[in-house]
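Everything below concerns the one structure shown next.
The values are calculated or read from the model by the stated rules, or taken from the named source; none is laboratory data. No experiment lies behind these values; they were computed from the predicted model shown. No Cβ is skipped: glycine too gets one built from the backbone with ideal geometry, and neighbour counts run over all protein chains shown. The protein model used for the area step is the full one, side chains on, heavy atoms only, and it has no ligands, DNA or RNA in it. Shrake-Rupley method; radii C 1.70, N 1.55, O 1.52, S 1.80 Å.
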Amino acid sequence: MPRYEPWFFRSLLSIDVQDMFDDPMKICPTIPEARAACLAARGGHKRLGLVPTMGALHEGHLSLVRAAKAQCDAVAVSIFVNPTQFGPTEDLSRYPRPFDRDCALLKEEGIEILFAPPVEEIYPRSNDAVTWVHVDGLSEKLDGRSRPGHFRGVTTIVSKLFHIIEPDAAYFGQKDAAQLAVIRRMVRDLNFSVEIVACPIVREPDGLAMSSRNAYLNREERGRALVLQRSLQEARKRFEGGEKSAARLIAAAKEVITCEPQVRLDYFEIVDPDTLEPVGRISQRSLVAVAAYVGTTRLIDNLVLDF
Ligand code: AMP
């Protein structure tokens, strides 16, 4: 008997309640239910959008939902804390799972379909054989270097979601810029028939990029976390002042990070946004990306230098 979490049974119950009261958001805990709901929503030639998430929704996620609602006839959101993208010492077990709150937020946004499967629905235990989707090369860059196996987990779950939901368009945040590059490459190489739409980073009023992991920060850490944004802004300021050497921009930005001795830098890089290869002189659109540990919480942020 697979281990189902309490919300799974609640969601089964809510399906009946939903049908009774004609609730417009279908909560689908199983793949067949999600497939049936997507088929019905797609109807004749309707455009179906997908917003993949791990839940603990915030305004960043909701901005993707709103973009999808604006551009599609029907929208499916997935909530799945994907174990295969977490390393053995990472925060899988303590990752926030406020399922009822997430449901309420998505209902408010007028979402038609919520796919929220238990882990066993996505990764049934069978034998030792396993199929991975892996974007060789790109998956080892930026976050992939610090989190071995992370992008393999991401591309595997995103491929599964694409096969289950069969969306016309899928919405991802520029916040996870390396993830976006890896997914775009996967879609191109495996000929997925889905448009990948990137949405801008949504920030707190003081500039901190919104993230479900911000909830881990205590008050002092929350203040220190702003150094990521400050380091990016330093790089931008110097670039706009005429500095085109990536090495010098990186050095200046790292200097800013050292002003917060309690923040441990993971990487600060300037790369091509598609290949994630480091750039030397900035002569084309470039991604400036930072990752750092604030206490035990790993945060990421980025900006794009454009021409
Ligand atoms: P997650 O639940 O962290 O896997 O994120 C789900 C999606 O939301 C991903 O495509 C993220 O890039 C996107 N996202 C997360 N935070 C933000 C943000 N602050 N602004 C825009 N998109 C975001």
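Which whole number in µm²/s is D for the chain by Stokes-Einstein, with the Kirkwood Rh taken over Cα pairs at 37 °C and 0.692 mPa s?
Numbers: Rh = 20.5 Å.
It comes out at roughly 160 µm²/s.
Assigning unit charges at the beta carbon (Lys, Arg +1; Asp, Glu -1) and nothing else, what dipole magnitude in debye, to the nearest 20, does the chain show about its Cα centre? Intermediate results must be reported in sequence, preceding the final value.
On the way: 39 positive and 42 negative charges, 136 e Å.
In debye, rounded to 20, the chain gives about 660.
Note on the chain: with a GNM built from Cα contacts shorter than 10 Å, the maximum mean-square fluctuation among ALA129, ALA247, ALA116 falls on ALA129.
Using the Cβ atoms and a cut-off under 14 Å, what net charge is assigned to the surroundings of PRO167, where Lys and Arg are +1 and Asp and Glu are -1? All intermediate terms of the calculation are to be shown ahead of the outcome.
Values: positive: ARG35, ARG42, LYS46, ARG47, LYS69, LYS160; negative: ASP73, GLU112, GLU166, ASP168, GLU195.
Net charge in that neighbourhood comes out at +1.
So if each residue of separation counts as 0.36 nm, and I subtract the Cα-Cα distance between TRP132 and GLU243, what length gain in nm does that give? Walk me through the numbers before you get to the answer.
Working: separation 111, 0.36 × 111 = 39.96 nm, distance 4.21 nm.
Full extension from TRP132 to GLU243 adds 35.8 nm.
Averaged per residue, what accessible area in Å² does the chain show with a 1.4 Å probe, protein chains only?
Details: 14800 Å² over 307 residues.
Ligands and nucleic acids excluded, the result is 48 Å² per residue.
Between THR258 and ARG97, the FRET efficiency from the beta-carbon distance, with R0 = 35 Å, is close to 0.45. Net charge in the neighbourhood of LEU226 (other residues with Cβ under 12 Å of its Cβ; Lys, Arg +1, Asp, Glu -1) is -2. Distant-in-sequence amide contacts of VAL75, defined by a placed amide H-H separation under 5 Å and a gap of 5 or more residues or a different chain, comprise GLY49, GLU112, ILE113. Taking a Cβ cut-off of under 12 Å around SER286, the surrounding Lys, Arg, Asp and Glu residues balance to a net charge of -1, with basic ones at +1 and acidic ones at -1.
Carbon and sulfur atoms: what percent of the 1.4 Å accessible area of the chain do they account for?
Numbers: 7760 of 14800 Å².
Summing carbon and sulfur atoms, their accessible area is 52 percent of the total for the chain.
Between the listed residues PHE99, ILE79, ALA40, the Cα displaced farthest toward the positive end of the dipole of the range 29-136, a dipole computed from Cβ unit charges relative to the Cα centre, is found at ALA40.
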